[in-house]
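Written below as structure tokens is the structure these notes are about.
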Amino acid sequence: MKKKRVTEYFGGVGKTALVLGISHPAVCRWGEVIPEKQALKVERITNGELKYDPALYSGNHKSVSNK
């Protein structure tokens, strides 16, 4: 799942962080593709409007994990 699509959907980095229950800096550290755990959560929260794409997590893209 692409960071740009997620942040646009929720209305910005701050709102994305709030909805996901993570910090603003955590969202800022995401790469182009968001962490897999967060992608699954976004799909659930959006009732499938934003879809988890397993192909993005096959090792071809890098994302920053949320610690």
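The values are calculated or read from the model by the stated rules, or taken from the named source; none is laboratory data. Only a predicted model underlies this, so the values are computations on that prediction, with no experimental measurement involved. For neighbour counting, all protein chains shown are included, and Cβ atoms are generated from backbone atoms with ideal geometry for every residue, glycine included.
For region 55-64, check the following and say yes or no: at least one residue is over 12 Å from the mean Cα position of the chain (by Cα), of a type outside the set (D, E, K, R), at positive phi and modelled with pLDDT under 95. Looking through region 55-64, at least one residue is over 12 Å from the mean Cα position of the chain (by Cα), of a type outside the set (D, E, K, R), at positive phi and modelled with pLDDT under 95.
In region 2-45, which residues are out of contact with any strand residue (DSSP E or B) (no Cβ under 7 Å at 6 or more places or on another chain), in a loop (DSSP other than H, G, I, E, B) and under 23 Å from Ser58 (Cα atoms)? Of everything in region 2-45, those that are out of contact with any strand residue (DSSP E or B) (no Cβ under 7 Å at 6 or more places or on another chain), in a loop (DSSP other than H, G, I, E, B) and under 23 Å from Ser58 (Cα atoms) turn out to be Arg29, Trp30, Gly31, Ile34, Pro35.
Within the group Glu32, Glu49, Glu36, which residue is surrounded by 13 or more Cβ atoms within 10 Å (Cβ to Cβ) and out of contact with any Asp or Glu (no Cβ under 6 Å at 6 or more places or on another chain)?
Numbers: Glu32 fails: surrounded by 13 or more Cβ atoms within 10 Å (Cβ to Cβ); Glu49 fails: surrounded by 13 or more Cβ atoms within 10 Å (Cβ to Cβ).
When all the criteria are applied, what remains is Glu36.
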